[in-house]
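See structure below.
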Amino acid sequence: MELTNCANCNTVFVKSAFRDVCNACYKEEEVQFDIVYKYIRKAVNRTATMQQVVDATGVTEELLIKFVKKGRLRLSQFPNLGYPCEKCGTLIKEGRLCMNCTHSIRADLAAVEKEEQRRQEIAERDHKNAYYSRMDE
């Protein structure tokens, strides 16, 4: 058991694997989820964007993102919902980074690996070309 402060109201509560807020805030989040779900469940609202859902329901964008990240809103059913990439803020539907940021990081890692390999080859070449003498004691 771990005591922690609620991220919403700062009340001390026992944190569980399923809840990151106190019981009172959890109940309020459930009410907010029901409002969002009733709104986007309607066929005319299934293509609503994040901002349209926020404006229509009054639920904060942060809470809406939390619902999406926890998998409570299935993005396959709601194509215009998502959450921001942790690096650039582009709207994504899975993972933590968008494709552009993922490719950029991979390219940077490949460049670092290539540079490290080059340095290692230089060190090995210098080691092979070195002359060692043995001094008599």
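Here, each number is a calculation from the coordinates, and none is a lab measurement. Treat the numbers as computed from the prediction; the structure is a model and nothing was measured. Note: ideal-geometry Cβ built from the backbone for every residue, glycine included; neighbour counts use all protein chains shown.
In the structure shown, the pairs LYS42/LYS87; LYS93/LYS114; LYS15/LYS69; LYS38/LYS87 are assessed against 23 Å; a Cα-Cα span above that value is assigned to LYS42/LYS87; LYS93/LYS114; LYS38/LYS87. Computed from label points 7 Å out along Cα-Cβ, the spacing between ASP126 and THR60 is 5.5 nm.
Taking semi-axes √(5λ) of the Cα gyration tensor in Å as calculated from this structure, the corresponding entry among (i) 22, 16, 15; (ii) 52, 23, 10; (iii) 25, 17, 13 is (ii). Quickly work out the ASN80-to-LYS15 label distance, labels modelled 7 Å from Cα along the C-beta direction, and quote it in nm with one decimal. Each label point lies 7 Å from its Cα, and together they span 3.6 nm. Which one of GLN51, GLN117, GLN32 has the biggest mean-square fluctuation once the chain is modelled by GNM with Cα springs under 10 Å? In the Gaussian network model the winner is GLN117. A crude spin-label estimate for the pair GLU28 and LEU91, with each label 7 Å from Cα along the Cβ direction, gives 2.7 nm.
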